[in-house]
1. Which of the residues spanning region 68-125 are charged (D, E, K, R), under 17 Å from Leu3 (Cβ atoms) and either in contact with a Ser or Thr (Cβ under 6 Å, 6 or more places away or on another chain) or surrounded by 14 or more Cβ atoms within 10 Å (Cβ to Cβ) (or both)?
2. Just the residues that are among the charged types (D, E, K, R) and over 17 Å from Val4 (Cα atoms), please, taken from region 163-198.
3. Which members of region 90-147 meet the condition of being out of contact with any strand residue (DSSP E or B) (no Cβ under 7 Å at 6 or more places or on another chain), acidic (Asp, Glu) and either touching a residue at least 60 places away in the same chain (Cβ under 8 Å) or part of a loop (DSSP other than H, G, I, E, B) (or both)?
4. Determine, yes or no, whether Ala180 is among the hydrophobic types (A, V, I, L, M, F, W, C), out of contact with any helix residue (DSSP H, G or I) (no Cβ under 6 Å at 6 or more places or on another chain) and surrounded by fewer than 16 Cβ atoms within 10 Å (Cβ to Cβ).
5. For region 148-162, how many residues meet the condition of being surrounded by fewer than 19 Cβ atoms within 10 Å (Cβ to Cβ) and not in a loop (DSSP other than H, G, I, E, B)?
6. Could you run through region 165-181 and say how many residues are of a type in the set (A, V, I, L, M) and either without any contact (Cβ under 8 Å) to a residue 12 or more places away in the chain or out of contact with any Leu (no Cβ under 8 Å at 6 or more places or on another chain) (or both)?
Amino acid sequence: MTLVVITGGARSGKSRAAEQLAASRALAGMPVTVAVFGSESDAEMTDRIGHHRAHRPEGFATLPAEDSLSWLAAVPADALLVVDCLGTCVGRAMLEVWDACAATDTAADGDMTDAAELPAGFEAAFVAKLSAIVSAIAERPGDTIVVTNEVGDGVVPAFATGRIFRDELGRANRALIDIADAAYFAVGGRLIDLTVAPRDIHWPTD
């Protein structure tokens, strides 16, 4: 099993890079399954999803994920899996955990984006679910390309769930990159090879 991680900001070229890499494997005869997590919540999002679908290479199987984890069982073991993208999957996981915790905590605020108090057990349950997602992706027998997001370069989110999402996605990225066979940072349409980048920092020498 080979794991490749491509991270970057919005419109950085990370999905395009993943598609190019997957297409090269498809030419060698490997089936490709693309797991997608976006939902058509409004007209603009519907257009975005349509754009991605239209530009996906022919022959790629698309798997619309219905939740944050069970979709993985539907990916053939011999297929190259493209996760596009982990950030959206993590957002879906957060919604699932919020709904489950809020259902048992009647004192919790109903608005996840501006909650004065988080439901009891929310953060621990979210961390556990995200750990399960990362482990399941890392342990699958087939080759995998994970497209993910760098979300910690902007302002600190104004609400608690936004801060938790940012922190935990960052930790998930680090966990996957640590075990990846290759990892890249996409910026401005170019790719920086993280595989050869040092893990530790040293004082410069003369």
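Bear in mind that the values in this text are calculations on the coordinates, not laboratory data. The structure displayed is predicted, hence computed values, not measured ones. Every residue, glycine among them, receives a Cβ derived from its backbone with ideal geometry; neighbour counts consider all protein chains shown.
1. First pass over region 68-125, keeping only residues charged (D, E, K, R): 78, 84, 92, 96, 99, 105, 109, 111, 114, 117, 123.
Pick out the ones that are also under 17 Å from Leu3 (Cβ atoms) and you get 78, 84.
If the condition is that a residue be charged (D, E, K, R), under 17 Å from Leu3 (Cβ atoms) and either in contact with a Ser or Thr (Cβ under 6 Å, 6 or more places away or on another chain) or surrounded by 14 or more Cβ atoms within 10 Å (Cβ to Cβ) (or both), then Asp84 is the only one that fits.
2. Start the filter on region 163-198 by keeping residues that are among the charged types (D, E, K, R), which leaves 163, 166-168, 171, 174, 178, 181, 190, 193.
Arg163, Arg166, Asp167, Glu168, listed by residue number.
3. Passing the criteria: Asp105, Asp109, Asp111, Glu117.
4. On the way: among the hydrophobic types (A, V, I, L, M, F, W, C): yes; out of contact with any helix residue (DSSP H, G or I) (no Cβ under 6 Å at 6 or more places or on another chain): yes; surrounded by fewer than 16 Cβ atoms within 10 Å (Cβ to Cβ): no.
Spelling it out, it is not the case that Ala180 is among the hydrophobic types (A, V, I, L, M, F, W, C), out of contact with any helix residue (DSSP H, G or I) (no Cβ under 6 Å at 6 or more places or on another chain) and surrounded by fewer than 16 Cβ atoms within 10 Å (Cβ to Cβ).
5. Filtering region 148-162 for residues surrounded by fewer than 19 Cβ atoms within 10 Å (Cβ to Cβ) gives 152-160, 162.
Filter once more, so that each one left must be not in a loop (DSSP other than H, G, I, E, B): 160, 162.
So the answer is 2.
6. Initially, region 165-181 is screened for residues of a type in the set (A, V, I, L, M), giving 169, 172, 175-177, 179-180.
Keeping just the survivors that are either without any contact (Cβ under 8 Å) to a residue 12 or more places away in the chain or out of contact with any Leu (no Cβ under 8 Å at 6 or more places or on another chain) (or both) gives 175.
Total satisfying the criteria: 1.
Each row is one residue, and each column tells you yes or no for (1) within 30 Å of Ala77 (Cα to Cα); (2) out of contact with any Cys (no Cβ under 8 Å at 6 or more places or on another chain).
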residue: Ile133; (1), (2): yes, no
residue: Val151; (1), (2): no, yes
residue: Ile192; (1), (2): yes, yes
residue: Pro198; (1), (2): no, yes
residue: Pro204; (1), (2): no, yes
